[in-house]
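For reference, the structure discussed in these notes is given below.
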Amino acid sequence: MTTTMINNSYGTAPAPIGVFDSGFGGLSVLREIRKTLPQYDYIFVGDNARAPYGTRSFSLIYEFTLQAVKYLFEQGCSLVIIACNTASAKALRSIQQRDLPVLDPSRRVLGVIRPTVEQLCKITHTGNIGIFGTPGTVQSRSYDMEIAKMYPDFHVYGHACPMWVPLIENKEAENDGADYFVKKDINALMSQCSDIDTVILGCTHYPLLINKIKKYMPAGVSIVAQGGIVAKSLADYLRRHPEIEQRCSKGGTCDYRTTEDAGRFSSLASIFVNEEVNAQHITLK
């Protein structure tokens, strides 16, 4: 894909913080961000028409994610949060290193993997970390690499859960049918190492299965959900980077946009954010 310079005039006035996910899961992160930082304006973009990203190729995920980032830049956003583990794993670094210097080096794109990994030293006692994620996230080994950089003595055990997102998006998270898959996947992960004491929910959908996960997770294992961690990390980032914070508008609003049917998105999105959603349809290209 050809990268072109974004018109810098968009970034001269304060504008919303952009939040992107391939589907609905990033809304769980957005919910926690808005709880922690309610004063800011937000634009959420869900690429629901092309979800899930978890089984797509590296190049396609990068292309789709870059399209979303460029769209949010065009809306004026100086800061974009990729609230998707798959996109963070497969596209974030390329966008930060290759595209931002061309698009606009004064803007920032952040992900959800690094803030999560940074907290592990405060949680684990054994250094044995389990990861639940989409096939794309687990296969990318992005958590493994990030953990190895920060904590070289830790051991990481990943397990892909391809059925969890469909269960959630089909409103089956609290029904009996979810028990089979959650129990099966927990057993598969824990069978890799009996000393796993910390498990990261490496997909932003997965907190909606938290009741089932707690039901079948062995006693003493800490479950790490990303929403609160990312929200606190973002608050800290804005404190440390006033030049970015000053470019974020403060009206307490949230604008929802989707590449799929706006009515369907609005209905399902309300499950994640616990409020009425009126989304707008957009096209990413």
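The values are calculated or read from the model by the stated rules, or taken from the named source; none is laboratory data. These numbers were taken from a predicted model, which means no experiment stands behind them. As a convention, Cβ positions derive from the backbone with ideal geometry for all residues, glycine included, and neighbour counts pool all protein chains shown. Only protein heavy atoms, including side chains, enter the accessible area calculation; ligands, DNA and RNA are left aside. Shrake-Rupley method; radii C 1.70, N 1.55, O 1.52, S 1.80 Å.
Tell me the helices (runs of 4 or more DSSP H) entirely within the range 41-123 that contain at least 3 residues that are open to solvent by 10 Å² or more (accessible area, probe 1.4 Å), aliphatic (A, V, I, L, M) and over 22 Å from V138 (Cβ atoms).
Qualifying helices (runs of 4 or more DSSP H): none found.
Scan the range 16-37 and tell me whether some residue there is farther than 20 Å from T259 by Cβ and either open to solvent by less than 10 Å² (accessible area, probe 1.4 Å) or assigned to a loop (DSSP other than H, G, I, E, B) (or both).
Checking the range 16-37: at least one residue is farther than 20 Å from T259 by Cβ and either open to solvent by less than 10 Å² (accessible area, probe 1.4 Å) or assigned to a loop (DSSP other than H, G, I, E, B) (or both).
Name every residue in the range 182-207 that is within 23 Å of T116 (Cβ to Cβ), assigned to a helix (DSSP H, G or I) and not β-branched (V, I, T), in order of residue number.
Residues satisfying the conditions are D185, A188, L189, M190, Y206, P207.
List pairs: first residue in the range 172-183 and open to solvent by less than 100 Å² (accessible area, probe 1.4 Å), second residue not in a helix (DSSP H, G or I) anywhere in the structure, Cβ distance under 8 angstrom, at least six positions apart or on different chains.
Matching pairs, first to second residue: A178/E172; F181/C161; F181/M163.
Tell me which residues, restricted to the range 208-224, are assigned to a loop (DSSP other than H, G, I, E, B) and open to solvent by less than 40 Å² (accessible area, probe 1.4 Å).
M217, V221 - these are the residues of the range 208-224 that are assigned to a loop (DSSP other than H, G, I, E, B) and open to solvent by less than 40 Å² (accessible area, probe 1.4 Å).
Quick grid of which residues meet (1) assigned to a helix (DSSP H, G or I); (2) at pLDDT below 95; (3) surrounded by fewer than 16 Cβ atoms within 10 Å (Cβ to Cβ):
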| residue | (1), (2), (3) |
| --- | --- |
| A235 | yes, no, yes |
| S266 | yes, no, no |
| F272 | yes, yes, no |
| N278 | no, no, yes |
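Go through the range 134-163 and count every residue that is modelled with pLDDT under 95, under 21 Å from N211 (Cα atoms) and open to solvent by less than 60 Å² (accessible area, probe 1.4 Å).
Residues flagged as modelled with pLDDT under 95, under 21 Å from N211 (Cα atoms) and open to solvent by less than 60 Å² (accessible area, probe 1.4 Å) within the range 134-163 amount to 1.
Please verify whether E260 is in contact with a helix residue (DSSP H, G or I) (Cβ under 7 Å, 6 or more places away or on another chain), free of Cβ contacts under 8 Å to residues at least 40 places away in the same chain, more than 20 Å from E174 (Cβ to Cβ) and open to solvent by 30 Å² or more (accessible area, probe 1.4 Å), treating the condition exactly as stated.
Spelling it out, it is not the case that E260 is in contact with a helix residue (DSSP H, G or I) (Cβ under 7 Å, 6 or more places away or on another chain), free of Cβ contacts under 8 Å to residues at least 40 places away in the same chain, more than 20 Å from E174 (Cβ to Cβ) and open to solvent by 30 Å² or more (accessible area, probe 1.4 Å).
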